[in-house]
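Peer 1: My questions all concern the structure below.
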Amino acid sequence: MRHRISIVRFLPEAAIFFLLSAAILIVYFQVRSFEFVNFDDPAYVVNNDFVKKGLSREGFQRAFQSVSAGNWHPLTMISHMADVELYGMDAGGHHWSNVLLHVANSLLLFGVLRMMTGSVWRSGLAAGLFALHPLHVESVAWISERKDVLSTFFLILTLWCYTHYVRKFKFVWYILTFLFFAFGLMAKPMLVTLPFILLLLDFWPFKRIVFSEEGNFGKVEFNAKVIWEKVPFLLLTLVFSAVTFAVQKQTGAVESFNAYSLHDRTANAIVSYALYLGKTVCPINLSVFYPNTASWPWWQVLGSLLLLGSLSWVSISSAKKYPWLFVGWFWFIGTLVPVIGIVQVGLQAMADRYTYIPLIGIFIAFSWSIVEGFKKHRFGRIGLVVFSAILLANLMLGSFFQVQHWRNTRTLFASAISVDSGNYLAHTLLGSELIRSGEIQRGFSHIQTALQINPNYARAHHEMGLFFLNTGETGQAARHFSKSIQFNSYNAEAHNNLGVVLSLQGNTTDALMHFKKAIEIQPQMIEAYNNLGCFWAGQGRHDDAIGYFQKVLKLAPDDQQAVEHLATAIKDKQESRKHFEKDSAVFEKAVKEP
C-alpha cells in the first residue's frame, strides 16, 4: 500500500517531466537536418581548426589559452570539441546537443523550483514557459549559442546545490555551489549576476531576509552570514568581469564609448527592457539581429521608463504579500544588466538570446501570480488547466515556426530582412551566401543595399572587397578592405586579404605589414601564416618561408596546401644552395687561375 501511495504521489512530477520533454522534442526535432549558419558558427566550429580536431590534450590547452568570437569561455569550446568527437562536422548533431541541453535545463528548472517552493504546478508552468517560449529559440537553434544553454545548465545546478546548502548548511554544498558557478562562468560570463540572484532567493522562497511589520522595507532583518557567504562569489564575479571586459576590448567586441554616447546607450537600455517585455507577451517579428538605431524618440524612452518604474513600484509595494513578484521582476532586471548595452558589446540594440536566463524571473512571477489569481474563483483549477494548456500550445506553435528560420544562412537572414528591411547585417550575410551559391548579382545587390543603409559597416566592406578580389578588380578590393579596417581595426581577415591585394599590386612593404597585423590580432590564423610563407618564398628568403609553412602545419597538420608549399620551399632552398655552391666554385677557380 505504501509503495502504491508513493508512486501516485510522484505522478504529477513524472507527467510534467514527460510533457516538457515531449513538447521540446516536437518543437526542435527538425534541427537534425539544419546546417551551420555563416554567423559566428565559422569562428566557433566550422573554421576553428582546434575544435575540428575533436577532444585532445592540445585542444583542452587551446580552449583555456585562446579567445573565440571575442569571448573567453573554455568549457563552451570543449563542448564543441566533444560534438566533433561525437558527430564529426554533421551540423545536425551539433544542433541536437543544444536541444538536449535545453531539455535538461527545462527539467532541472522544474526540479529546482519544486524543491525550493514545494509547488508542483506553479513550477511546472514556469518550466513550460521557459521550455517553449519563442524568444528562447535563438539560444537553442543556433549552434554558436551553446554558451547560453551550457551556462544555464551550470546555473541551475548552482541553484540546486545552494538550495541544499540553505537547508542543511553543510560545507560540501557550499563548495559545490561555488564550483558550478565557476563552471558556468567558464561557459559564459553572463552568469556574473549570480550573487544578486542568490540574495533574491534568500528573500523568497528561503526567507533568510525578512522585513519587519512596519512596512515592506521599514526594517530589514537578516543574519550577517547571508552577506558574508556571498563574498567569494562576488570576488569571482569581479575577476571574470574584468577578464571579459579586457578580452572584448582587446578583440574589438566592446564598441568605443564614442560610438554611442552615454545618453544614447542609457536610452537604448531603457527602451530595450520595455521591448523585451513586449516580445515576451507578444513574441512576433523576432530577428537574429536588431540594428542599433543610435537614438530613440523622447516619448518612447519616457514611456518605457514609466512602464519600468510602475512595475518596479508594484513589485516593491507588494513584496511582503506577493514576494515572488519582487523576486521575479528584479531577477529579470538584474540579470539583463551585463548585456543591456550600457557597456556596448557588438552592434545590436538587443538580442533574443539575452533573455534565456532573465525571463526565468518573469516566468516565476507570472506562474505564481496566475495560480494565485485562479485560486479565488469557483472553477479555478479547471480554468487554470485550460488557460495554461492554451498558452503553452500557442507558445509551442510559435516556437515551432520560429525554429524553421534557422534551417540555413539563407532562410535565417531572409527572415531577418522580412522583419526589418533596414537590417544591414542581414543584407550583408544574405548577399555573401548568395554569391557563394552562384547567385552573384543578387548577392552583390544585397551587399550594396547594406552599405547604402550603413556606409560604416565593416563587414559589408569586407564582403564587397572579397567580391572585387574574386573578379580581379584589385583597386576596388583594396579600397573596401581598407574601409573595413577603418571601421573595425581588429578585423584580422580584412588585414590578411588587404595584404593579398597589395602583394598582387606589388606593394610588398604594406602587404607584409598587414599579414603581420592579421597574426597579431588572431595568432592562430592559418591563412595569414600561409600568405607570409608565400610572400617570403617569393622574396627568395626560403628559411623564413619554411618557418611559416611549418607553423601552418603545426596548427593544421592535414593542410595539404601547406605541405605542398613547404615541399616547394625546401626544394627551392636546396636548388638555391646548389647554385650558390656552383657559383662559389667558379669564383674560386677564377681567382686561382686569373
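Peer 1: If you put +1 on each Lys and Arg Cβ and -1 on each Asp and Glu Cβ, how big is the dipole of region 410-592 around its Cα centre, in Debye rounded to 20?
Peer 2: Numbers: 18 positive and 19 negative charges, 65 e Å.
Result for region 410-592 is approximately 320 debye, rounded to the nearest 20.
Peer 1: Which one, MET396, GLN30, SER369, is farthest towards the positive end of the dipole of the chain when Lys and Arg carry +1 and Asp and Glu -1 on their Cβ?
Peer 2: Looking along the dipole axis, the top candidate is SER369.
Peer 1: What FRET efficiency do you get for ASP49 and ALA389 if R0 is 51 Å and r is their Cβ-Cβ distance, rounded to the nearest 0.05? Can you show the working numbers first?
Peer 2: Working: r = 49 Å, r/R0 = 0.95.
It comes to 0.55.
Peer 1: Taking the Cα of ASN285, stepping 7 Å toward and past its beta carbon, and measuring to each backbone N in region 399-418: which are under 14 Å?
Peer 2: 416-418
Peer 1: Once R0 is set to 41 Å, what does the formula 1/(1 + (r/R0)^6) return for the Cβ-Cβ distance between ILE342 and LEU25, expressed as a FRET efficiency to the nearest 0.05?
Peer 2: 0.60
Peer 1: Helix 231-250: angle to the longest alpha-carbon principal axis of the chain, degrees 0 to 90, nearest 10?
Peer 2: Once rounded, the angle reads 40 degrees.
Peer 1: Something else about it: Helix 323-336 versus the longest principal axis of the chain: what is the Cα-based angle in degrees, 0 to 90, to the nearest 10?
Peer 2: That works out to roughly 10 degrees.
Peer 1: In whole Å, what is the distance between the alpha-carbon centres of region 257-298 and region 39-69?
Peer 2: Answer, in whole Å: 32.
Peer 1: Counting only residues 5 or more places away or on other chains, whose amide H sits under 5 Å from the amide H of ILE209 once H atoms are built in the peptide plane?
Peer 2: Those lying under 5 Å, H to H, from ILE209 are PHE203.
Peer 1: Go through region 1-99 and name the chymotrypsin sites (Phe, Trp or Tyr not before Pro) that are in a DSSP coil and have 13 or fewer other Cβ atoms within 10 Å of their Cβ. Please report the intermediate quantities before stating the final value.
Peer 2: Working: sites: PHE10, PHE17, PHE18, TYR28, PHE29, PHE34, PHE36, PHE39, TYR44, PHE50, PHE60, PHE64, TRP72, TYR87, TRP96; in loops: PHE10, PHE34, PHE36, PHE39, TRP72.
Sparse-neighbourhood loop chymotrypsin sites (Phe, Trp or Tyr not before Pro): PHE10.
Peer 1: What's the angle, to the nearest 10 degrees (0 to 90), between helix 120-132's Cα axis and the longest principal axis of the chain?
Peer 2: The answer is roughly 30 degrees.
Peer 1: In whole Hz and in residue order, list the ³J(HN,Hα) couplings for region 195-209 that follow from phi through the Karplus curve 6.51 cos²θ - 1.76 cosθ + 1.60, θ = phi - 60°; x for Gly and Pro.
Peer 2: x, 5, 4, 4, 5, 4, 5, 5, 6, 8, x, 7, 6, 8, 10
Peer 1: Compare the Cα positions of ILE333, ASN48, TRP160 along the charge dipole of the chain (+1 at Cβ of Lys, Arg; -1 at Cβ of Asp, Glu; about the Cα centre) and return the one farthest towards the positive end.
Peer 2: Looking along the dipole axis, the top candidate is TRP160.
Peer 1: Amide H neighbours of ASN292 under 5 Å, at least 5 residues apart or on other chains, H built in the peptide plane: list them.
Peer 2: For ASN292, the qualifying residues are ALA349.
Peer 1: Taking amide hydrogens as modeled 1.01 Å from N in the peptide plane, which residues meet the under 5 Å criterion relative to SER68, leaving out close sequence neighbours?
Peer 2: Distant-sequence amide H within range of SER68: HIS73.
Peer 1: Give me the one-decimal nm value for the distance between modelled label points at SER317 and SER489, 7 Å along each residue's Cα-to-Cβ direction.
Peer 2: 5.2 nm
Peer 1: Can you compute the helix-only [θ] at 222 nm over the chain? Use -39500 (n - 2.57) per DSSP H run of at least 4 residues, normalise by all residues, nearest 500 deg cm²/dmol. Write down the numbers at each step before the final one.
Peer 2: Numbers: 28 runs with 422 residues, N = 594.
Value at 222 nm, helices only: -23500 deg cm²/dmol.
Peer 1: Next question, about the same structure. If the only charges are +1 at each Lys and Arg Cβ and -1 at each Asp and Glu Cβ, what is the size of the charge dipole of the chain around the Cα centre, to the nearest 20 debye?
Peer 2: Values: 50 positive and 41 negative charges, 488 e Å.
Its charge dipole is roughly 2340 debye.
Peer 1: Hey, another quick one. Give the calculated FRET efficiency between GLN441 and LYS571 to the nearest 0.05, with a Förster radius of 45 Å applied to their Cβ-Cβ distance. List each step's numbers first, then the result.
Peer 2: Numbers: r = 43 Å, r/R0 = 0.96.
Efficiency for this residue pair is about 0.55.
Peer 1: Once label points are set 7 Å from the Cα along Cα→Cβ at both MET115 and VAL231, what is their separation, rounded to one decimal in nm?
Peer 2: Computed distance between label sites MET115 and VAL231 equals 2.7 nm.
All of the numbers you see were taken from the coordinates with simple rules; none came from a lab. These numbers come from a predicted model, not from an experiment. Neighbour counts are summed over all protein chains in view; Cβ atoms, including those assigned to glycine, are modelled from backbone coordinates with ideal geometry.
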